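All remarks here apply to the structure that follows.
The values are calculated or read from the model by the stated rules, or taken from the named source; none is laboratory data. Predicted, not measured: the structure shown is a model, and the values here were computed from it. Cβ: placed from backbone, ideal geometry, glycine included. Neighbour counts: every protein chain shown.
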Amino acid sequence: MIKKASFLINQWIEYLLFGMGFTMALIVAVQVFCRYVLNQSLFWSEELARFLLVWLTFLGASSAYYRKVNPGVDFLYIKLPLVLKKASSILTHLASMALFVVMVVYGCKFAWFVRLQISPALQIPKWIILSIIPISGVILLIHAATFLFAELKGDSNDH
């Protein structure tokens, strides 16, 4: 159940990443054209591109984590005996989950703290922009729980 949810969430996130990345590239290209060819600036484009980049970063991190392409140092891990590898992997998943809980809790607190602030150009409440921190924390928690359960069941190479 959680394995399928993790897969589906990541699939939707990857579609969203493509759309947001394409949109950001298009906005920046239009802004450059308007500024240097038409000599007119789109006052909102830089702010929107920055907000898209923030969301791309956090959602991209969750997709990288799901695909296990995040950076890691494994020169010691590969030399461990199988029992220690399993224990190390379980400990790593638990530590990751603790970090993701911190992201959710403090991300919510920070979004609440800025709830009354409005972005200058787009007039978007900043809590909406910063809500990606706890949202990505929850997504990362789901992926980490999937990996932990797989490790406990003995099929850790599978998503």
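Observations, loosely collected:
To keep it simple, each residue is scored yes or no on (1) aromatic (Phe, Trp, Tyr); (2) over 20 Å from Ile9 (Cβ atoms); (3) within 18 Å of the chain's Cα centre (by Cα).
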{"position": "Phe110", "(1), (2), (3)": "yes, yes, yes"}
{"position": "Gln117", "(1), (2), (3)": "no, yes, no"}
{"position": "Pro120", "(1), (2), (3)": "no, yes, no"}
{"position": "Gln123", "(1), (2), (3)": "no, yes, no"}
{"position": "Val138", "(1), (2), (3)": "no, no, yes"}
{"position": "His143", "(1), (2), (3)": "no, no, yes"}
{"position": "Thr146", "(1), (2), (3)": "no, no, yes"}
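- Among the residues listed as Phe51, Phe43, the single one being of a type outside the set (Ser, Thr, Tyr) and modelled with pLDDT of 95 or more: Phe51
- Applying a threshold of 8 Å to beta carbon distances and a minimum spacing of six or more residues, or different chains, the list of pairs starting in the range 33-44 at a residue that is closer than 14 Å to Pro120 by Cβ and ending at one that is in a loop (DSSP other than H, G, I, E, B) reads Phe43/Ala121; Trp44/Ala121; Trp44/Leu122.
- The range 67-81: number of residues that are surrounded by fewer than 10 Cβ atoms within 10 Å (Cβ to Cβ) and either closer than 19 Å to Lys3 by Cβ or in contact (Cβ under 8 Å) with a residue 12 or more places away in the chain (or both): 1
- Test result for Ser131, surrounded by 11 or more Cβ atoms within 10 Å (Cβ to Cβ), within 25 Å of Leu8 (Cβ to Cβ) and at pLDDT 95 or above: yes
- Test: residue in the range 54-66 that is closer than 30 Å to Ser41 by Cα, of a type in the set (Ser, Thr, Tyr), surrounded by fewer than 16 Cβ atoms within 10 Å (Cβ to Cβ) and at pLDDT 95 or above: yes
- Residue check for Val105: part of a loop (DSSP other than H, G, I, E, B), of a type in the set (Val, Ile, Thr), surrounded by fewer than 16 Cβ atoms within 10 Å (Cβ to Cβ) and in contact with a helix residue (DSSP H, G or I) (Cβ under 9 Å, 6 or more places away or on another chain): no
- When the range 55-101 is filtered for residues that are of a type in the set (A, V, I, L, M), closer than 17 Å to Pro134 by Cβ and out of contact with any Gly (no Cβ under 8 Å at 6 or more places or on another chain), the ones remaining, listed by number, are Leu59, Ala61, Met97, Ala98, Leu99.
- Extreme residue, farthest from Ile9 (Cα to Cα), among residues of the range 23-53 that are small (Gly, Ala, Ser) and exposed (fewer than 14 other Cβ atoms within 10 Å of the Cβ): Ser41
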